[in-house]
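Notes follow the structure.
The values are calculated or read from the model by the stated rules, or taken from the named source; none is laboratory data. Not measured: the values here are computed from a predicted model. Surface accessibility is based on the protein's heavy atoms, side chains included, excluding ligands, DNA and RNA. Shrake-Rupley method; radii C 1.70, N 1.55, O 1.52, S 1.80 Å.
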Amino acid sequence: MNTLKSIGTKVVTAMIAAGLVAGAAFAASGDTVTVTLPQSVSVGNATLASGQYTVTESSMADGSSLFVFRSAKGDTTSALAMKSADPAIDQKTAVVLSNEGGTLHLDKMFIEGDSAGYQFAVTK
């Protein structure tokens with residue numbers, strides 16, 4: 001019985017370790033930047049309040065990128081984007097917003113040093 005318990009403990013420990021390694025690899029797969037939203041903005045399926053957000057990018061298998069927005073207050077949402085918007089030659093990290101029916105939406109994002117910008121999908 002002790003042998004079975006020991007094997008079970010080793011399997012669970014290995015699964016936890018594998019999960020931590022995979023999580024670390026996923027988190028380190030892209031850029032992390034800080035952006036400031038001037039007022040409430042619709043991002044993905046959520047509306048984020050004005051303020052500063054840490055944005056982490058993770059590349060997806062289909063060529064798109066998943067951006068996770070996190071505030072110091074704990075507000076979090078994610079949005080998919082495709083590399084497509086051409087940045088200016090001296091592009092700094094910036095977000096481009098669009099106004100649709102009185103609501104601001106995240107339209108594009110440029111990351112300093114990136115060779116392309118990102119176009120966010122329109123969500124309804």
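Ligands, DNA and RNA left out, the accessible area of the range 49-124 computed with a 1.4 Å probe is 50% carbon and sulfur. In terms of Cα atoms, the Rg and Dmax of the range 54-124 work out to 12.5, 35 Å.
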